[in-house]
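S.K.: Shown below is the structure under consideration.
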Amino acid sequence: MIRMLQTPDFQQPHRLRLNTLIRLRWLAIIGQSATVIIVAYWLAFPLPVSLCFALIACSAWLNLLLTFRYPAAHRLKPLAALGILTFDSIQLAGLLYMTGGLTNPFSLLMTVPVVISATSLPLALTALLGALVTVMATLLVFFHLPLPWIDGNELPMPFLYVAGIWLAVLSTLAFTAVYAWRVAEEARMLANALAATELVLQREQHLSALDGLAAAAAHELGTPLATIALVAKEMERALGKDSKYHEDVTLLRTQSERCRQILTRLTSLSSTTEEHMARLPLTSLVEEVIAPHRDFGITIKLEPGEQIGPEPVGHRNPGVIYGFGNLVENAVDFAVSTVTIRWRWDDRNVVFEVIDDGRGFPPEIIDRIGEPYMSTRLGTEPGGGLGLGLFIAKTLLERSGATLSFYNANERGKGAVVQVEWPRDVFLNPPSAESAMFDRV
């Protein structure tokens, strides 16, 4: 059974799971309650316990409301998640206001909601929350109740020390938020790129499965059509020369025979396709890949290289065909006039090279080529893009056992070269799990 193809939801990574926030808030509630109890009743420091527990109760009430209102798997829209994280920031700022402001050693916890936002929300919303926390931290420098201390005495803090704490909070906020956002954004880009790769291969596999479906349909319909033909023959024999029904019964029998012939051809076509197309010689692979790119005003030169031993005949792999075709398409997009395809083989390796006469790869990103959303050229060419297609091609080819290398043809950077190399035995018999991640048939 074939699962229907679905377009990946690329906005899903920006939707924070509600249950995650609820659990984190329960941890915060437990920690805040324990801290208030220890400071007020064990250390016996003067503390507005009632007001502190009133703020903590607000968090608990919100948690219970969200728990009973939404299912555990509910994912929040970015603005809804921002609202919840804003509440957490304000609640924590209220607790700090009643317990010493930035002189309270727990003031660094103000950075936590912003870090959570950086890992799951768009950059603009994270910046908005960071600005709010910065404003609250600045206000807490000047407006706060005294820090609880022994016997109700006030612990004086030099303004320079408080300013240092303020700077530490802001520095921690900026560094951790930017770092967390960068790591999360790379993970999101990789997830989106892999989802696009999955969709591409699903489409290729969907087309490959049509022959199998045709054969299955022919097999399933063969028996009822044979029964219809048999009954039609018996009716034709029984009616004899009856002028009223003879022509209709004869037409029924002939049309059932025609249906059986069509199904026979479908079965034959499927088996022929499987027999002759399941494996593909190396030169046929090259011709099949470059054929769609010959009519774009760019000359495609074929240069067979050293050939030791019999020509490799590999399995027809939709991922390899798509990936290799993407490399050729990329070269045609950036070439000035010519793209050269070279291939060679020996008893150990099978090697392809795709060479264009364009401007080549920029030296500053040549080591990062193949990462998702990393453009491989300067971005001014008509074919410039985000690099997602090259990432898909690289992923599919590497899953078939190939190794890819990217470099420029000469020291001037004129002309890019992409080399794809397989061990010969891997090319002839690719890994059986090559497409297991994407297989949905």
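The values are calculated or read from the model by the stated rules, or taken from the named source; none is laboratory data. Remember, predicted model here, so these are calculated numbers, not experimental data. Glycine gets a Cβ as well: all are built from the backbone with ideal geometry, and neighbour counts include every protein chain shown. All accessible areas refer to the heavy atoms of the entire protein, side chains included, with ligands and DNA or RNA removed. Shrake-Rupley method; radii C 1.70, N 1.55, O 1.52, S 1.80 Å.
S.K.: Please say if the range 284-378 is rounded, prolate or oblate, where rounded means a/c under 1.5 for a ≥ b ≥ c the square roots of the C-alpha gyration tensor eigenvalues, and otherwise the choice is prolate for a/b larger than b/c and oblate otherwise?
M.R.: prolate
S.K.: Got a sec? What order do 88, 295 fall in by accessible area at 1.4 Å, biggest, i.e. largest, first?
M.R.: Accessible-area ranking of 88, 295, largest first: 295, 88.
S.K.: Tell me whether the range 60-126 comes out rounded, prolate or oblate; compute the Cα gyration tensor, take square roots of the eigenvalues as a ≥ b ≥ c, and use a/c under 1.5 as the rounded threshold.
M.R.: oblate
S.K.: Quick check: residue separation of residue 70 and residue 57 times 0.36 nm, minus the Cα distance between them. What number comes out in nm?
M.R.: Contour length minus the Cα-Cα distance gives 2.7 nm.
S.K.: Report residue 74's accessible area, 1.4 Å probe, all protein chains in place, as a number in Å² to the nearest 10.
M.R.: 60
S.K.: What FRET efficiency do you get for residue 127 and residue 26 if R0 is 25 Å and r is their Cβ-Cβ distance, rounded to the nearest 0.05?
M.R.: About 0.35, to the nearest 0.05.
S.K.: Return the distance in nm (one decimal) between the two label points of a simple spin-label model at residue 244 and residue 403, each offset 7 Å from Cα along Cα→Cβ.
M.R.: Here the answer is 8.3 nm between the modelled labels.
S.K.: While we're looking at this one, here's another question. Probe radius 1.4 Å, ligands and nucleic acids ignored: give me the carbon and sulfur share of the accessible area of the range 4-135 as a rounded percent.
M.R.: With neighbouring chains kept in place, the figure for the range 4-135 is 74 percent.
S.K.: Can I ask one more? Quote the accessible area belonging to residue 51 in square angstrom, nearest 10, computed with a 1.4 Å probe and with ligands, DNA and RNA left uncounted.
M.R.: Looks like 100 Å² after rounding.
S.K.: From the square roots a ≥ b ≥ c of the eigenvalues of the alpha-carbon gyration tensor of the range 27-163, which class results: rounded (a/c under 1.5), prolate (a/b over b/c), or oblate?
M.R.: oblate
S.K.: Determine the per residue accessible area of the range 66-137 with all protein chains present and a 1.4 angstrom probe, expressed in square angstrom.
M.R.: Here the per-residue accessible area is 43 Å².
S.K.: May I pose another question? With every protein chain kept in the model, how would you rank 336, 169 by accessible area, 1.4 Å probe, largest at the top?
M.R.: Accessible-area ranking of 336, 169, largest first: 336, 169.
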